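A short worksheet on the structure shown next.
The values are calculated or read from the model by the stated rules, or taken from the named source; none is laboratory data. Everything quoted here is computed from the prediction, not taken from an experiment. Ideal geometry is used to build each Cβ from the backbone, glycine not excepted, and the neighbour counts take in all protein chains shown.
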């Protein structure tokens, strides 16, 4: 199965994973507990050993929008704002009981300053996050709801075991009824 966030499976990231596992603080996060909250200062990121998280952006009207997910073997954090120690742009919430290895912005900065290899890794991470965001932007503008849904199925075939119809609709920026119609078409 492909990773939900493809960049995390790059070989270079094994060093980053090992950093979290060796130096991060192991934490149990219960379902519905928040790792970060929108509009509050964030200064940590983590590697997910077990579980999954959703990224939620709340607009000015108070409406919540699912804007991303991170699964086991991936990372969580509002990376740019974490490294700058500024207010998070999103909330990050556990959608299942999870185990994470958490590190502070200071610890990550020290890690990235270790040598040329870790400095290069920081550049790759920044580039991959940009690519991921850019692809998502293009997808929203250029793909039909059924194409977006099929991409989701390809990226994470068993997502329906973990993500509700309402959340899928929010993530794909359509109504739950649209997702139901798409599923019926594909049966």
Check: Within the range 76-87, which residues are closer than 23 Å to residue 121 by Cα and not in a loop (DSSP other than H, G, I, E, B)?
Finding: 76, 79, 80, 81, 82, 83, 84
Note to self: Test of understanding: among 118, 114, 144, which residue is surrounded by 15 or more Cβ atoms within 10 Å (Cβ to Cβ), over 25 Å from residue 93 (Cα atoms) and more than 21 Å from the chain's Cα centre (by Cα)?
What the structure shows: 118
Checklist line | Of the criteria (1) closer than 19 Å to residue 136 by Cβ; (2) modelled with pLDDT under 90, which one residue 14 fails | finding: (1)
Note to self: Step by step: first the residues of the range 90-105, then only those that are surrounded by fewer than 18 Cβ atoms within 10 Å (Cβ to Cβ) and within 22 Å of residue 19 (Cα to Cα), then the one that is farthest from the chain's Cα centre (by Cα). Which residue is that?
What the structure shows: 104
Check: In the list 62, 73, which residue meets the criterion of being surrounded by 14 or more Cβ atoms within 10 Å (Cβ to Cβ), on the phi > 0 side of the Ramachandran plot and part of a loop (DSSP other than H, G, I, E, B)?
Finding: 73
Checklist line | Residue that is farthest from the chain's Cα centre (by Cα) [pool: residues in the range 35-66 that are in contact (Cβ under 8 Å) with a residue 60 or more places away in the chain and within 29 Å of residue 174 (Cα to Cα)] | finding: 64
Check: Scanning for something within 19 Å of residue 164 (Cβ to Cβ), in contact (Cβ under 8 Å) with a residue 40 or more places away in the chain, in contact with a strand residue (DSSP E or B) (Cβ under 6 Å, 6 or more places away or on another chain) and crowded, with 16+ Cβ neighbours inside 10 Å, does the range 13-22 turn up at least one residue?
Finding: no
Next item on the list: Working carefully through the options 152, 172, find the one that is free of Cβ contacts under 8 Å to residues at least 60 places away in the same chain, closer than 13 Å to residue 67 by Cβ and either exposed (fewer than 13 other Cβ atoms within 10 Å of the Cβ) or under 16 Å from the mean Cα position of the chain (by Cα) (or both).
Entry: 172
Checklist line | Matching residues, the range 139-187, being outside any helix (DSSP H, G or I) and at negative phi | finding: 143, 144, 156, 157, 158, 162, 163, 164, 174, 175, 187
Next item on the list: Quick one: in the range 89-125, of everything that is part of a helix (DSSP H, G or I), free of Cβ contacts under 8 Å to residues at least 60 places away in the same chain and in contact with a helix residue (DSSP H, G or I) (Cβ under 8 Å, 6 or more places away or on another chain), which residue is farthest from residue 25 (Cα to Cα)?
Entry: 119
